[in-house]
Structures are given as C-alpha cells and as structure tokens.
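The structure appears below as structure tokens.
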Amino acid sequence: MNRKDQHAALANAFYQDGPNDFDLIRLLHTGFPEMAVAETDLTVDVLDTTLSTPFYINAMTGGSEKTRELNRKLAEVAKACDLMMATGSVSAALKDPTTADSFTIVRETHPDGYLLANIGAGVSVPDAQRAVALFDANALQVHVNVPQELVMPEGDRDFRGWLTNIEDIVNHIEVPVIVKEVGFGMTRETIQQLVNIGVTAIDVSGRGGTSFTRIENARRHKHELDYLTDFGQSTPESLVEALEVPQIFDLLASGGIRNAYDIYKSLVLGARACGVSGTILHTVSKKGVEAGIQQVEAWKAQLRLLMTLTGQKDLKDLRHVPVTFSGNLLQWCHNRNIDIRKYSLR
Ligand code: FNR
C-alpha cells in the first residue's frame, strides 16, 4: 500500500478519544459572567488574516488517489464551515507531479479558502516556492518530525542544517510561514531557536492524539520501537513551555484535540487557534462529509457556551482566564520551573 494511504489507515485504526493531558486542566467557575451567549464573537486574527473560527483542519494528506478523495471531503467540510485548512506534505507532488491533483483538489473544492501548503524542514527554497504555487496556498507549514523519521523504516537519518534551512525559507517565501511539529510537542528551547531565526508562527503540535511513532512502528516488520509510542511533550505541556518565551509570535496548538473544550483550553493557554487532524479525519472517513460539518458546527456552538461560562465575549485575550493544573501537567511545571500561580491566580 502507498505510504500516504497507510498513514491515513493507521491513524484511523489507532484513533481513540480517551484521556489526555487536556483533562488535567480545569477552568475556574465564577458565578456572574454578566453577558449573553449572543454576544460572543469567535473571530481571531492570526497569520495575515482574520478567521471566522478559532480552529482549522490541520495537515494530513495527499499524494495518492485515495488521499485525493479524502482531501476533497475535508475541503468540503472546510468550505461549508469556513475553516482554514492545510494539506499534507506536498513533497509527494514535487517528486511525482502525477499526484499533484491530490493536493490541487483542495483549491478546486474550496476556491476562496485560506489554505496552507505543507513541506518538510529539509526542503529547498525553490521547492518550498513550488509547494506554495501548486495550489496558490495562502501560507506555508514547515513540519519538523525527527521522531517520525527515525522510526519510519525508510525515513531520514540525517537532520543537519534544518534550522538554517528554515531560516532561508522564512526569508524567501512571500506568504506567512508556520513551523509545526507533528504530534511530539515543543519545549521553550526549541521555540526560542525558531523565534531567533525569525519564525513568527509556531504550531507546537503535541502528544495526546495521533502518534506517528506508533504509526511508523506499525510499519516496521518487528514493531520493535513500541516504547516510543508516547514519546514527546503533550500539547498542554508545550503550550505552557511556549508561554515562557518572552517574544511575541502566533502560537498555534494541535495534537489531541477531541472536542470544543480542548480547543477552548488551548486558547486559554495562549494559542491563537487550534489545528485538528485525527478527530476530523476519523469522523469524515467513517461517517462522511455531513457528519464532519455537523461536528464542526457543534464545536462552534459549544465554544460560545464555554466563552459565556467564563465571561469572555471575544477571543482576543484569554490569557487572563484562570486555570488550575493537576497530575502530570503540574509535575511538568514543577520540573521545568514554570510558576503555576501565573495561571491559577490571574
Ligand atoms: C498527519 N500530520 C501531518 N503533519 C504534517 O505537518 N505533514 C503531514 O504530511 C502530515 N501527515 C499526517 C497524516 C495523517 C493521516 C495524520 C492523522 C496526521 C500530523 C498532524 O498535522 C498533527 O500534527 C498530528 O496528527 C497531531 O494532531 P491530532 O491528529 O492529534 O489532532
């Protein structure tokens, strides 16, 4: 089976919406929000645009006939719900132009959408430009995925020069550039390195949902790297790390988003918007486009309830909404010298 088809099939097979670190975050209840649900405003300013919704369909797929169909369905959901959407890595189409239509289908389906092209961190500047040009992408995602490559039987084994390459891409690409993980999260040190080279948008994409070490290990004959299934920082851990970096940048969250509450918690922890992959893939491939649209619309409606619950009319500054942490997340803050009272007494 084609690798991209395998990835989608395995992500679906392993999908579960069980407990993750978002469950370790609690919002504080206050008695008097003094506002109405009708007053809530879901718009957010991010990258060089204003989104009507603070979540989006994150990078997944393309590169084969089956994934063309999947991208078409995801783009239909994005169009019906006015969501930003990323394709999976365009590298496949740069190597084999006969697969280009599995990516351009997204633009065909959603002509006015804010669409993101996706490439790996080792790709040259001209290839990054070709990736953007392929479907007139509004922004570019550059993924960093060392654990995935190392567990992937046929993956990269040499990661020299990624940072300088990303710097080159940021300096030469006309559209906004987002650097993203693929479900392993980031530390403040990694984020600081990216900020230092001029990166202004970062998706921490943490552990808690799709695990690419698990997926790639399943593709190995002996499955011997099973112990790396839970490798990496969770999304909440990565977000509290990101907030330790003093510079301002567009912080995006993804990894393990199961519902509107996880999105809202991410926004409260400082994210401008949230990417969803595994959950939407699962709904759309198992139940179809209409179910995907219903899920997205339900999440939008629930976000309005959650905003009212915490007395927030808009999403401009949720960083003052108090939250408490427990379990591993609390332990993480302790180990990493992150002052939890910044969150619980704000
Ligand atoms: C992905 N992801 C991904 N990321 C990326 O930057 N480029 C890619 O080509 C892909 N491919 C891909 C395929 C499939 C089938 C899935 C499910 C995911 C990673 C994705 O964008 C995200 O970072 C992680 O999946 C974590 O989010 P979820 O799935 O827990 O919501």
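The values are calculated or read from the model by the stated rules, or taken from the named source; none is laboratory data. It should be emphasised that the depicted structure is a prediction, and the values quoted were computed from it without experimental measurement. Here the Cβ is made from the backbone with ideal geometry for all residues, glycine too, and neighbour counts use every protein chain on show. Ligands, DNA and RNA are stripped out before the accessible areas are found, and what is left, the full protein with its side chains, is counted by its heavy atoms. Shrake-Rupley method; radii C 1.70, N 1.55, O 1.52, S 1.80 Å.
Tabulated values for the structure
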| quantity | calculated |
| --- | --- |
| Qualifying positions in the range 296-315 - polar (S, T, N, Q) and surrounded by fewer than 21 Cβ atoms within 10 Å (Cβ to Cβ) | Gln302, Thr308, Thr310 |
| Where Val177 falls short, out of the listed (1) within 12 Å of the ligand (Cβ to nearest atom); (2) within 18 Å of Ser254 (Cα to Cα) | (1) |
| Matching residues, the range 55-74, being crowded, with 24+ Cβ neighbours inside 10 Å, in a helix (DSSP H, G or I) and either charged (D, E, K, R) or touching a Ser or Thr at 6+ places or on another chain (Cβ under 7 Å) (or both) | Thr67, Asn71 |
| Cβ-Cβ under 8 Å pairs, at least 6 apart or on other chains, the range 272-299 side on the phi > 0 side of the Ramachandran plot, far side assigned to a helix (DSSP H, G or I) | Gly288/Lys73 |
| Selection status of Met35, among the aliphatic types (A, V, I, L, M), within 16 Å of the ligand (Cβ to nearest atom) and in a loop (DSSP other than H, G, I, E, B) | no |
| Residue among Arg214, Arg272, Arg207, Arg220 that is touching a Leu at 6+ places or on another chain (Cβ under 7 Å) and basic (Lys, Arg) | Arg272 |
| Test set (1) crowded, with 21+ Cβ neighbours inside 10 Å; (2) of a type in the set (A, V, I, L, M, F, W, C); (3) more than 16 Å from the ligand (Cβ to nearest atom) - Leu51 fails condition number | (1) |
| Residue check for Leu329: touching a Leu at 6+ places or on another chain (Cβ under 6 Å), open to solvent by less than 80 Å² (accessible area, probe 1.4 Å), in a helix (DSSP H, G or I) and not hydroxyl-bearing (Ser, Thr, Tyr) | yes |
| Selection status of Thr187, away from the ligand (no atom under 16 Å from the Cβ), in contact with an Asp or Glu (Cβ under 7 Å, 6 or more places away or on another chain) and open to solvent by 10 Å² or more (accessible area, probe 1.4 Å) | yes |
| Among residues of the range 75-92, those that are open to solvent by 10 Å² or more (accessible area, probe 1.4 Å) and touching a Leu at 6+ places or on another chain (Cβ under 9 Å), counted | 1 |
| Any hit, the range 211-226, residues being closer than 20 Å to Leu51 by Cβ and under 19 Å from the mean Cα position of the chain (by Cα) | no |
| Test: Arg107 is open to solvent by less than 50 Å² (accessible area, probe 1.4 Å), modelled with pLDDT of 95 or more and more than 14 Å from the ligand (Cβ to nearest atom) | yes |
| Qualifying residue in the range 307-314 (condition: in contact with a Ser or Thr (Cβ under 7 Å, 6 or more places away or on another chain), away from the ligand (no atom under 16 Å from the Cβ), part of a loop (DSSP other than H, G, I, E, B) and of a type outside the set (Gly, Ala, Ser)) | yes |
| Hits in the range 74-89 (condition: touching a Gly at 6+ places or on another chain (Cβ under 7 Å) and within 14 Å of the ligand (Cβ to nearest atom)) | Met85, Thr87, Gly88, Ser89 |
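Residues are listed down the side, and each one gets a yes or a no for (1) more than 27 Å from Asp23 (Cβ to Cβ); (2) in contact (Cβ under 8 Å) with a residue 24 or more places away in the chain; (3) within 11 Å of the ligand (Cβ to nearest atom):
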residue	(1), (2), (3)
Gly183	no, yes, yes
Ala201	yes, yes, no
Gly209	no, yes, yes
Thr229	no, no, no
